[in-house]
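Colleague: Attaching a single structure in structure tokens format; questions to follow.
The values are calculated or read from the model by the stated rules, or taken from the named source; none is laboratory data. Worth saying up front: this structure is predicted, and the values here are computed from it rather than measured. Cβ placement follows ideal geometry from the backbone for every residue including glycine, while neighbour counts extend to all protein chains displayed.
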Amino acid sequence: MNVSNIGIELRTSSGPGVLHELTGVIARHQGNILSVDFHEDQASHTQYYFEIEVPGDPAALVQHLLDLPVVSHAAQVETMEKIYGKRIIIMGGGAQVGQVALGAILEADRHNIRGEHISVDTIPLVGEQQLAAAVRATARLPRVKAIVMAGALMGGEIEQAVREVRAQGMLVVSLNMAGSVPDAADLVVTDPVQAGVMTVMAVADTAKFTVERLKRRVF
């Protein structure tokens, strides 16, 4: 039996037990929930978005969800993975973030027109605790494949956060800066534009480049 990854968009009434009803239908169709997001758009209604691995015909699952009294809208949609693809998050000082983003966006465009899907997010931040919290939060965000630490001085708690997310499989690229973060990163690049380019190349399936094959890790 074919298994497909699908997105399902739902609009439901708000109240206790609604999520339980939705997941019950998904379970009866042997659906494996990969991610879920929901928010109240009005006091009486909630918008849900599921990404589900489902065997067989997804149309039957969508129809059974729509048959629930609490559901007013249900539709199969493209997954975020297919639309936005892999995510790269650039964080740090504003000037450095902008320069890294310049390289990353230009390189992502080159790969995306060849069929890749890579999106670039930025968040200019200052402060050890704020940056450490942002680094740790990337492990909880969907589709994030790499982060770039773009600043002039980072260390302490930020270094520990970098080591934690790397242990969970996240690729971390750092600018060559003062502080201990470069020691904790997978790859250290002096030029911010080049850092953005190399990060995209590292996560793109359409690039013949892997960090593991590099002879050195500082450029």
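Colleague: Identify, from the list Leu153, Leu175, the residue that is within 21 Å of Val126 (Cβ to Cβ), more than 16 Å from the chain's Cα centre (by Cα) and either at pLDDT below 90 or not assigned by TED's automatic domain parsing to the domain that holds Val97 (or both). Before the answer, list the steps.
Modeller: Values: Leu175 fails: either at pLDDT below 90 or not assigned by TED's automatic domain parsing to the domain that holds Val97 (or both).
Sole residue among the options that is within 21 Å of Val126 (Cβ to Cβ), more than 16 Å from the chain's Cα centre (by Cα) and either at pLDDT below 90 or not assigned by TED's automatic domain parsing to the domain that holds Val97 (or both): Leu153.
Colleague: Select from the stretch 34-55 the residues that are among the β-branched types (Val, Ile, Thr) and either at pLDDT below 90 or exposed (fewer than 11 other Cβ atoms within 10 Å of the Cβ) (or both) and write down the one among them that is farthest from Val70 (Cα to Cα). I'd like the intermediate steps shown before the answer.
Modeller: Step one: of the stretch 34-55, the residues among the β-branched types (Val, Ile, Thr) are 36, 46, 52, 54.
Applying the additional criterion that residues be either at pLDDT below 90 or exposed (fewer than 11 other Cβ atoms within 10 Å of the Cβ) (or both) yields 36, 46, 54.
Details: Val36: 18, Thr46: 10, Val54: 22 Å.
Restricting to residues being among the β-branched types (Val, Ile, Thr) and either at pLDDT below 90 or exposed (fewer than 11 other Cβ atoms within 10 Å of the Cβ) (or both), the top hit is Val54.
Colleague: Restricting attention to the stretch 206-219, which residues are surrounded by 13 or more Cβ atoms within 10 Å (Cβ to Cβ), assigned to a loop (DSSP other than H, G, I, E, B) and within 20 Å of the chain's Cα centre (by Cα)?
Modeller: Thr206, Ala207 - these are the residues of the stretch 206-219 that are surrounded by 13 or more Cβ atoms within 10 Å (Cβ to Cβ), assigned to a loop (DSSP other than H, G, I, E, B) and within 20 Å of the chain's Cα centre (by Cα).
Colleague: Also, quick follow-up: When both residues are 6+ apart or on different chains and their Cβ atoms are under 7 Å apart, which pairs have a first residue that lies in the stretch 190-219 and is under 15 Å from Ala101 (Cα atoms), and a second that is modelled with pLDDT of 90 or more and surrounded by fewer than 16 Cβ atoms within 10 Å (Cβ to Cβ)?
Modeller: From the stretch 190-219, the pairs are Thr190/Asn176; Val193/Leu102; Gly196/Leu102.
Colleague: Something else now. Within the stretch 122-138, can you find the residues that are small (Gly, Ala, Ser) and at pLDDT 90 or above? Reasoning before the result, please.
Modeller: So in the stretch 122-138, the residues small (Gly, Ala, Ser) come out as 127, 132-134, 137.
Passing the criteria: Ala132, Ala133, Ala134, Ala137.
Colleague: Any idea which of Val189, Val135, Val197, Val203 is surrounded by 17 or more Cβ atoms within 10 Å (Cβ to Cβ) and in contact with a Ser or Thr (Cβ under 8 Å, 6 or more places away or on another chain)?
Modeller: The unique qualifying residue is Val189.
Colleague: May I ask you to list the residues in the stretch 88-111 that are surrounded by 20 or more Cβ atoms within 10 Å (Cβ to Cβ) and of a type in the set (D, E, K, R)?
Modeller: Glu107, the sole residue that qualifies.
Colleague: If you go through the stretch 59-82 one residue at a time, do you hit one that is closer than 28 Å to His117 by Cα and touching a Ser or Thr at 6+ places or on another chain (Cβ under 7 Å)?
Modeller: As a first pass, look at the stretch 59-82 and keep what is closer than 28 Å to His117 by Cα: 59, 61-62, 74-82.
So of that shortlist, the ones also touching a Ser or Thr at 6+ places or on another chain (Cβ under 7 Å) come out as none.
Checking the stretch 59-82: not a single residue is closer than 28 Å to His117 by Cα and touching a Ser or Thr at 6+ places or on another chain (Cβ under 7 Å).
Colleague: OK, next. Residues to consider are Val162, Val203, Val181, Val189; find the one that is touching a helix residue (DSSP H, G or I) at 6+ places or on another chain (Cβ under 7 Å), of a type in the set (A, V, I, L, M), in the same structural domain as Arg110 (by TED's automatic domain parsing) and under 28 Å from Gly115 (Cα atoms). Write out each step before concluding.
Modeller: On the way: Val162 fails: under 28 Å from Gly115 (Cα atoms); Val203 fails: touching a helix residue (DSSP H, G or I) at 6+ places or on another chain (Cβ under 7 Å); Val181 fails: under 28 Å from Gly115 (Cα atoms).
Val189 is the lone residue from the list that is touching a helix residue (DSSP H, G or I) at 6+ places or on another chain (Cβ under 7 Å), of a type in the set (A, V, I, L, M), in the same structural domain as Arg110 (by TED's automatic domain parsing) and under 28 Å from Gly115 (Cα atoms).
Colleague: All but one of (1) closer than 30 Å to Leu153 by Cβ; (2) not assigned by TED's automatic domain parsing to the domain that holds Ala204 hold for Ala74; which doesn't?
Modeller: Among (1) closer than 30 Å to Leu153 by Cβ; (2) not assigned by TED's automatic domain parsing to the domain that holds Ala204, Ala74 violates only (1).
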